[in-house]
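Please read the structure below before turning to the comments.
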Amino acid sequence: MYCQSQTETHMTDRTQTRRRLLLSMGAATTVGLAGCSDGDDETTMDDAMTDAGPEPTETDSGMTESDPDMTASDPGEGRLRVAHMSPNAPNVDIYLNGEAVLEDVPFGAVSQYLSVPAQDHTVTITPAGSPDTEVFSGSVTVAAETDYTVAATGEVGDDADEPFAPLVLEDDTSEVGDDEARLRVVHASPDAPAVDVTAAGGDVVLFDGVSFGGSGYTTVGAGEYTVEIRGDTDENDGDVAADFDVTLEGGETYTAFAAGYLTPDDEPAMTPFDLLVTTPSGRGAAPEPEPGDGQLRVAHMSPNAPNVDVYLNDEVALEDVPFGAVSQYLSVPATEHTVTITPTGSPDTEVFNGSVTVAADTAYTVAATGEVGDDADEPFAPLLLEDDTSDVADDEARLTVVHASPDAPAVDVTAGDGDVVLFDGVPFGAGGTTTVDAGEYTVEIRGDTDGNDGDIAAEFDVTLEGGQSYTAFAGGYLTPDDEPAATPFNLLVTTPSGRGAAPEPAPAEGRLRVAHLSPNAPNVDVYLNGDVALGDVPFGAVSTYLSVPAQEHDVTITPAGSPDTEVFSGAVTVAEDTDYTVAATGEIGEDADEPFAPLVLEDDNSDVADDEARLRVVHASPDAPAVDVTAAGGDVVLFDGVPFGGSGYTTVGAGDYTVEIRGDTDTNDGDVAADFDVSLDGGTVYTAFAAGYLTPDDEPADTPFDLLVAQDNSM
């Protein structure tokens, strides 16, 4: 067992300089203390102190009245009190000569004085309720008519900054003038350096250069003070580590223990630094520290999850949060919180339940990421991010990027066509923060490569304002067609004030046009999903392209002005970024050579060289056999053996052509049924519909055969 003694240092030789009261520290009185320290118990301190002894009778000066019958051989009495100032020690029991005198003493408590014989006493300290576990046992010598404080200071445990040991202080409880107060400060903070103690913004120096275990008295005018604890400097003008408002009443003596931890986050107990002031009548436990507040916000970044409700400690905090939304910050106590996420309106269906620890003065984002369901690329889980919301220079912006796209590989994030690398090799669930100049950027999301020059998967224009912090979530699916939800990849940017839902993706579109090529049908109306798309369309007309959602559409054709007489109704599927022609072909009526039916053609409107033209021929003549299509007197075969309803593309040099429609033969030299002069411009796409009747006199309508040429890529 390690044995040691403690010497009280106190303040003498008061002088006044520049309105300052400066006391020098000196060794004056030695109080004998021999003992041994042991044990490293470390628990949370709570409960109140119990005074196990009778209350002493005090005079106005705080001294106990002596017994008038005391004999000359009686050693007399002194007084002893105990202060618990060890910030990581549990509540303690105090034994005097083997008898419990104080029980369950919490940190910060100072007992009343106990009257004890003026002699050596054995003082033993144990954790409350553990009489066999001594953390200290040693002797304290008490002189007659003298008051003492035994302060348990330092830390328990092997890694203590200052080892646990009682500090024995001789107390001055003599009378004080009615307009003055006596103040003693005791340095009992194990992680604090030597300190200066000042008041009045540093104009009044109460104590100079007090190190751990040091103490001293001064007398000041009664009144209210803001006591400042500063790092020790020659001029007593160090930074204020903490300040405390103190009222000192006239005629009273005070002891102020500077105790607890200056930096509790770095120490073995969350016992914050405090100035614990007591009079001779004692004081209770140190006040429970205010937990402080942190900030918490929620981001919904799970691309296949429904809208969600978020519960904090079983109370609804946010409701009906859609994908892409980021809430404003909520102020919450700095403690552990239970976060529960459920589908909106389904409180009994938890998709997540877990703990989030919030520190004081710290901002966090809880981002719901990953996917719900058994086949998830990345399982659904909240991602806890600690946010940097500190000040940013007016000409700069802070940008945090978070990878929240479950089907995307690790990515590089660049700007300026790759010249500026913002983030390198960010995997799913990770992020990073950088500071950039305020301004406009095109942010590029690239596959991760060593040179940060991978293919650009997506890019986004972003404006970053000066003095602002941004978080950009790379969310959604890179390939939504292959995933469980059609949630496209996006860069969802938010500030500390939050953001709404992800914008609804612009619906994918294709284009659709209609051609009326039924030679015996009247003018027609065309309906798309029950709505009139084209009205009173005559034979031979080809409409301009209509942009329509890329999906299945119901197409209905009726005689113009007769909506209840359907000549056709069926489904047409339109793909994204694809052009289609719906050609009404065949004949109406029971004796039709070819029954009336729409012919759906997928159009090729891709670029053509400036000196070439793309030509498609569509056979839409119901009384014509299969045909060959030639030019230049048969020397150029454009199409071979095209049956009714058939079509095909070819590319030819731009120029003027005589197009010949011939009966189909093996050598493409059949009789010319009809020929047509056609001019084909360079860089242009054409469709030529061979329509009408070859022999109108024998057919139900006098609609002669014709080559109806439409220019496709100008529509």
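The values are calculated or read from the model by the stated rules, or taken from the named source; none is laboratory data. What you see is a predicted model, and the numbers here were worked out from it, not measured in a lab. All Cβ positions, glycine included, derive from the backbone under ideal geometry; neighbour counts span all protein chains shown.
Where strands (runs of 3 or more DSSP E) fall entirely within region 527-632, those with at least 2 residues that are surrounded by fewer than 18 Cβ atoms within 10 Å (Cβ to Cβ) and within 52 Å of the chain's Cα centre (by Cα) are at 531-537, 546-549, 552-559, 568-573, 597-603. Here is the figure for region 167-185: residues that are among the charged types (D, E, K, R) and touching a Phe, Trp or Tyr at 6+ places or on another chain (Cβ under 8 Å) total 5. In summary, Ala242 fulfils each of the numbered conditions (1) free of Cβ contacts under 8 Å to residues at least 40 places away in the same chain; (2) more than 16 Å from Ala188 (Cα to Cα); (3) out of contact with any helix residue (DSSP H, G or I) (no Cβ under 9 Å at 6 or more places or on another chain) with the single exception of condition (2). Annotation note: of Pro379, Pro347, the sole residue that is closer than 26 Å to Leu478 by Cβ, surrounded by fewer than 20 Cβ atoms within 10 Å (Cβ to Cβ) and at pLDDT 90 or above is Pro379. When residues in region 319-344 are screened for being in contact with an Asp or Glu (Cβ under 6 Å, 6 or more places away or on another chain), hydroxyl-bearing (Ser, Thr, Tyr) and surrounded by fewer than 18 Cβ atoms within 10 Å (Cβ to Cβ), 2 of them pass.
With the condition kept exactly as written, say whether any residue in region 497-509 is in the same structural domain as Tyr329 (by TED's automatic domain parsing), at positive phi and at pLDDT below 95. Yes - at least one qualifying residue is present in region 497-509. Among the residues of region 504-512, is there at least one that is over 44 Å from the mean Cα position of the chain (by Cα) and not acidic (Asp, Glu)? Taking every residue of region 504-512 in turn, at least one turns out to be over 44 Å from the mean Cα position of the chain (by Cα) and not acidic (Asp, Glu). Determine whether region 188-198 contains at least one residue that is assigned to a strand (DSSP E or B), of a type in the set (Gly, Ala, Ser) and surrounded by fewer than 19 Cβ atoms within 10 Å (Cβ to Cβ). No, region 188-198 contains no residue that is assigned to a strand (DSSP E or B), of a type in the set (Gly, Ala, Ser) and surrounded by fewer than 19 Cβ atoms within 10 Å (Cβ to Cβ). Against the list (1) closer than 13 Å to Val185 by Cβ; (2) buried (at least 17 other Cβ atoms within 10 Å of the Cβ), the condition Ala269 fails is (1). Look at Leu183 and say whether it is modelled with pLDDT of 95 or more and within 51 Å of the chain's Cα centre (by Cα). When the stated conditions are applied, Leu183 passes them.
Taken as a whole, the condition of being within 46 Å of the chain's Cα centre (by Cα), surrounded by fewer than 21 Cβ atoms within 10 Å (Cβ to Cβ) and under 30 Å from Ser115 (Cα atoms) applies to Val246.
Okay, residues lined up against (1) in contact with a strand residue (DSSP E or B) (Cβ under 7 Å, 6 or more places away or on another chain); (2) part of a strand (DSSP E or B); (3) buried (at least 16 other Cβ atoms within 10 Å of the Cβ):
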{"residue": "Glu235", "(1), (2), (3)": "no, no, no"}
{"residue": "Gly238", "(1), (2), (3)": "yes, no, yes"}
{"residue": "Gly250", "(1), (2), (3)": "yes, no, no"}
{"residue": "Phe257", "(1), (2), (3)": "yes, yes, yes"}
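Considering region 271-352, the qualifying strands (runs of 3 or more DSSP E), each wholly inside and each with 3 or more residues that are touching a residue at least 40 places away in the same chain (Cβ under 8 Å), run over 274-278, 293-300, 336-343.
State yes or no: is Arg283 basic (Lys, Arg) and assigned by TED's automatic domain parsing to the domain that holds Pro496? It is false that Arg283 is basic (Lys, Arg) and assigned by TED's automatic domain parsing to the domain that holds Pro496. Filtered by the rule that a residue be more than 23 Å from Pro704 (Cβ to Cβ) and touching a strand residue (DSSP E or B) at 6+ places or on another chain (Cβ under 7 Å), region 635-654 gives Val636, Val637, Asp640, Gly641, Gly648, Tyr649, Thr650, Thr651, Val652, Gly653, Ala654.
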